[in-house]
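Once you've had a glance at the structure underneath, I'll fire off some questions.
The values are calculated or read from the model by the stated rules, or taken from the named source; none is laboratory data. In this text the structure is predicted, and so the values were computed from the model without any measurement. Note that each Cβ is placed from the backbone with ideal geometry, even for glycine, and that neighbours are counted across all protein chains shown.
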């Protein structure tokens, strides 16, 4: 019996332990000290919070990986994809990672897509999940695509589609992160040898990232239930709600298909963040490690590149 209990404790500890790419949001807390230099409370570093959300939101944003042509109202697709997205590892806000910040973060995703006739012809709906490798983070993703012009493969006319998508971060206790996107895709179908299908595509995507903070324990290594630590809850803090973060992404890729098997390669280029969180009643720009939230935070996230590979089956 004791061995079983000990094994359960060890298993629980291994599950609870943070992986290197998990978030420790308390590291973005700035201590407010008394005259003796002792911390009395914490306030969130708004500048770091915005930039971190911008870069992480881009990593976990809705995946594209489809040309403009729809699957057709009877079509169905299942894919697995792998993506690698660069981050600014030298930026101070990546101190929020449990481990050392790498030069890029990798994700693996699982998706199902279905062509539909309703509500309009050439309509496509998709759903899936994306996991950030070396973390406990997962996102659920949904998208809908309408092909405005498609099927004229024998004419020198490209296909055109618009799509809306959303990605929602799950299994993260201290951060709510929602990424929505609206993109325009142009592609052209070519047949190769009567067996291969070749669909190169390009497009533009507007990414909208909405970060929201949950209550964060400023001193996670202190147990407030231990005698003498009753006041530790005073160290909890919350990042104030910020305005939506906007990022522009451009993408280029190609889909290769043989019979029902398909491979899609794609490169995405997210421009540097420039959006501003404009707080009411102030025109003061937030400084790094600021001890006040009454300031305007500019997105300082640098440009990011994502390389993706998807493989699956079209039926």
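Hey, can you tell me all the residues within the range 84-138 that are out of contact with any helix residue (DSSP H, G or I) (no Cβ under 8 Å at 6 or more places or on another chain), within 21 Å of residue 54 (Cβ to Cβ) and part of a loop (DSSP other than H, G, I, E, B)?
If the condition is that a residue be out of contact with any helix residue (DSSP H, G or I) (no Cβ under 8 Å at 6 or more places or on another chain), within 21 Å of residue 54 (Cβ to Cβ) and part of a loop (DSSP other than H, G, I, E, B), then 89, 90, 98, 99, 100, 102, 103, 133, 134, 135, 137 are the ones that fit.
Return the pairs, sorted by first residue and then second, in which the second residue is assigned to a loop (DSSP other than H, G, I, E, B), the first residue lies in the range 144-158 and is surrounded by fewer than 16 Cβ atoms within 10 Å (Cβ to Cβ), the beta carbons are less than 7 Å apart, and the residues are 6+ apart or on different chains.
Listed pairs, sorted by first residue: 153/189.
Just to be sure, is residue 44 free of Cβ contacts under 8 Å to residues at least 24 places away in the same chain and farther than 16 Å from residue 133 by Cα?
Against the criterion (free of Cβ contacts under 8 Å to residues at least 24 places away in the same chain and farther than 16 Å from residue 133 by Cα), residue 44 does not qualify.
Which ones in the range 258-315 are over 20 Å from the mean Cα position of the chain (by Cα), free of Cβ contacts under 8 Å to residues at least 60 places away in the same chain, assigned to a strand (DSSP E or B) and loosely packed, with under 14 Cβ neighbours inside 10 Å?
Residues satisfying the conditions are 261, 285.
Still on this structure: Pull up the range 175-219, narrow it to residues that are in a loop (DSSP other than H, G, I, E, B) and under 25 Å from the mean Cα position of the chain (by Cα), then point me to the one that is surrounded by the most Cβ atoms within 10 Å (Cβ to Cβ).
218
Condition check ((1) at pLDDT 90 or above; (2) surrounded by 11 or more Cβ atoms within 10 Å (Cβ to Cβ)) across all residues:
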site	(1), (2)
1	no, no
6	no, no
12	no, no
38	no, no
52	yes, yes
63	no, yes
69	yes, yes
80	yes, yes
89	yes, yes
